[in-house]
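The values are calculated or read from the model by the stated rules, or taken from the named source; none is laboratory data. Remember, it's a predicted structure, so these values are computed and weren't measured experimentally. Cβ atoms come from the backbone with ideal geometry, glycine included; neighbour counts cover every protein chain shown.
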Amino acid sequence: MLSKRIIPCLDVRDGRTTKGIKFRNNIDIGDPVDMGRYYYEEGADEIVFYDITASSDRRPIMLEVVRRVAETIFIPFSVGGGIRTLEDMRDVLLAGAEKVSVNSAAVLNPGIIQHGAKAFGSQCIVLGMDVKRVPPSAKIPSGYEMVINGGRSPMGIDALWWAQEAERLGAGEICLNSIDADGTQNGYELSLTHLISTKVRIPVIASGGAGGPHHLLDVLSEGRADAALIASMVHYGTYTIREIKEFLQGQGVRVRQTW
Amino acid sequence: MIAILDYRAGNLTSVERALRFLGFPCEITDSAERIRAAERIIFPGVGAAGKSMQDLSELGLDSLLHERLEAGVPILGICVGLQVLFDYSEENDTKCLGILPGKVRLFPAELRDEDGNLLKIPHMGWNEVIFTREHPVFRKVPPGSEFYFVHSYYPEASDLACVVGRTDYGIAFGSAVARRNLVAVQFHPEKSGPPGLQILSNFCQWDGLDS
C-alpha cells in the first residue's frame, strides 16, 4: 500500500534557504541545493522549495536553484511562491521541478488552476492554501477562512469550499497550511486537516506546526493527511528524517524505509 | 546512444537528467533516423492515453516502435509509456498499440484501504513493487524498495506471464511488465531515488535478453 510522505520544506530567498517563524524574522541557514541533496539522501519522499524572494527581477536566481536541484536529486520536488502565470509555471517545470504550487494567485484568479492543469496535467498543480480559524458564519460555514499574502489578507472565502472548487478546477494535490499553527511547533491543525482531507479526493499535505515526530503521527492518522510537511524540526537538526520515519513505522504508520 | 522518444509527452527532461547523471549518452528525439540509430529506446509518458496515441500516430512513432521491437532493440516504457503498450485504455476510450494483451482501466471510485478508508485518486506517492520473477532490468533492487507513482488508470494484463512486478493499491496490478526485449513500469524510475536509478542503469546496460 501507499506510504505516507514526509516532505521537508525549504524557504528560499535570493537563492539561499531561510526558515520563517510566523512569516517573520527569517534567518539564513544555507544553500538550498546542498540542503535538498542532504534531505534526498536522508530519505525525504519529496521536497518543497518555497521562493520568498521579494522582487521579481531576482526570480532567475530561483530558476537556477531549481535547475541545479534537478541535476542532483531524483525524487519529486515542487516549487511555490510567486507563481502567478502559466509562463511562471512553465519556467519552473522546464527547469526540472515535478510540481508547481499556486497559492494567493489562484484565490485571486482561479482560472490559473484550470489552465495549468490543462497545459501541464493535474499531477503538476498543487494548490497551496493558507487557512485561518474564524467563528463559523453564513459566509464561512466551516469556520476556516482563506487568507493570502502570507497570512495578512483575509479573503472572506470558506476554506472547504475553496478546496473542493480547486479540485473541480483540476488541482492535483492540496498543501494545507494552518496560519494559526504555523511556526508554533505545537502540532498540526488536526480538525482542519481531517475536514479537508476527507472531503476531497485528491491528496492533502498537512503543513504548519510540526515540532516533533508525534505531531506527524497525529496528523497522518487522526488528521487523515496523505503527507506531512516539516521544516524547523529537521532544519535545526533536532530530528533526522530517518528518526521520524522509524518512529512512525513503529507506531503503525506506513512510510518508505528503503532507499 | 539511447533515444528518449519525444512525442510531446510532457516532462521528458527528468529522464534525460537521470541518464546524464548516470553517465549514459542520450537524446530526446522524434526523428525516425535518430531512433533507428539508437541502441535502446526509452518511451516515457506523462499525460492522457488518447492524446499520447494521437501524437504517436501523427509522428509515425507507433509503427516505428513496432519495427524497433521486432528488430530486438531494448525498449523501456514508463507510466503512460507502459499503458499504451496494451490493447486498449479506458482513458478517452483509446485503442492502443496492442503489443501486450490486456487493457488499462480507471481505478474504481469505491477503492478502500484495509481500514475501510476511501483511497485517494490519483494513486500518488511511494508504493512497493513486489517482483515476482527474476529479470535483468530489476536486478540489484533491494527488497522492500518503493517507487514513485502518479496515475489514475492501471494496467490489467491478460497474459500474466508478462507481469514481473505487482503493486497493491486497493487492488493489485502489474506495475512492472516484460516480454522479450521490452520492459515497462507504471512508476517513475527517474523520480524514485536510488532504486529507480538502479533500474535505469540496468536498462542502459541490458542486452535485451530476458534471462
Could you check the range A:131-153 and list, in sequence order, the residues that are modelled with pLDDT under 95 and either in contact with a Leu (Cβ under 7 Å, 6 or more places away or on another chain) or part of a strand (DSSP E or B) (or both)? A:ILE148, A:SER153
Suppose we filter the range A:115-130 for residues that are touching a strand residue (DSSP E or B) at 6+ places or on another chain (Cβ under 9 Å) and assigned to a helix (DSSP H, G or I); how many remain? 6
For A:TYR144, work out the one condition from (1) touching a strand residue (DSSP E or B) at 6+ places or on another chain (Cβ under 9 Å); (2) crowded, with 23+ Cβ neighbours inside 10 Å; (3) within 14 Å of chain B (Cβ to nearest Cβ) it doesn't fulfil. (3)
Among the numbered criteria (1) at pLDDT below 95; (2) touching a Cys at 6+ places or on another chain (Cβ under 8 Å), which single criterion is violated by B:PHE43? (2)
Considering every residue within the range A:124-140, establish whether at least one is crowded, with 16+ Cβ neighbours inside 10 Å and on the phi > 0 side of the Ramachandran plot. no
For the range B:7-30, the count of residues that are without any contact (Cβ under 8 Å) to a residue 40 or more places away in the chain, assigned to a loop (DSSP other than H, G, I, E, B) and more than 14 Å from chain A (Cβ to nearest Cβ) equals 2
Could you list all residues from the range A:34-90 that are aliphatic (A, V, I, L, M) and touching a Cys at 6+ places or on another chain (Cβ under 9 Å)? A:ILE47, A:VAL48, A:MET89
Take residues that are at pLDDT 85 or above and surrounded by 16 or more Cβ atoms within 10 Å (Cβ to Cβ) and tell me which of the strands (runs of 3 or more DSSP E) falling wholly in the range A:7-54 contain 3 or more. A:47-51
Name the single residue, out of those in the range A:98-123 being in contact (Cβ under 8 Å) with a residue 40 or more places away in the chain and among the aliphatic types (A, V, I, L, M), that is surrounded by the fewest Cβ atoms within 10 Å (Cβ to Cβ). A:LEU108
May I ask you to list the residues in the range B:121-173 that are of a type outside the set (Gly, Ala, Ser), assigned to a loop (DSSP other than H, G, I, E, B) and within 18 Å of A:SER3 (Cα to Cα)? B:ILE121, B:PRO122, B:VAL129, B:PRO142, B:PRO143
In the range A:212-240, anything modelled with pLDDT under 95 and in contact with a helix residue (DSSP H, G or I) (Cβ under 7 Å, 6 or more places away or on another chain) is listed as A:VAL234, A:TYR239, A:THR240
Which one of the conditions (1) within 11 Å of chain B (Cβ to nearest Cβ); (2) under 29 Å from A:GLU189 (Cα atoms) does A:ALA95 fail to meet, given that it meets all the rest? (2)
Residue match in the range A:240-252 (condition: among the aromatic types (Phe, Trp, Tyr), outside any strand (DSSP E or B) and either within 29 Å of B:PRO142 (Cβ to Cβ) or without any contact (Cβ under 8 Å) to a residue 12 or more places away in the chain (or both)): yes
Provide a single number: the residues in the range B:43-101 that are within 26 Å of A:LEU94 (Cβ to Cβ), part of a loop (DSSP other than H, G, I, E, B) and under 16 Å from the mean Cα position of the chain (by Cα). 7
Any hit, the range B:133-147, residues being in contact with a strand residue (DSSP E or B) (Cβ under 6 Å, 6 or more places away or on another chain), surrounded by 12 or more Cβ atoms within 10 Å (Cβ to Cβ) and within 12 Å of chain A (Cβ to nearest Cβ): yes
Filter result for A:THR198 (within 14 Å of chain B (Cβ to nearest Cβ) and without any contact (Cβ under 8 Å) to a residue 12 or more places away in the chain): no
Index of the failed condition, A:ILE83 passing every other in (1) at the interface with chain B (Cβ under 10 Å from one of its Cβ atoms); (2) surrounded by 24 or more Cβ atoms within 10 Å (Cβ to Cβ): (1)
From A:VAL204, A:VAL131, which residue is away from chain B (no Cβ under 14 Å) and closer than 30 Å to A:ARG90 by Cβ? A:VAL131
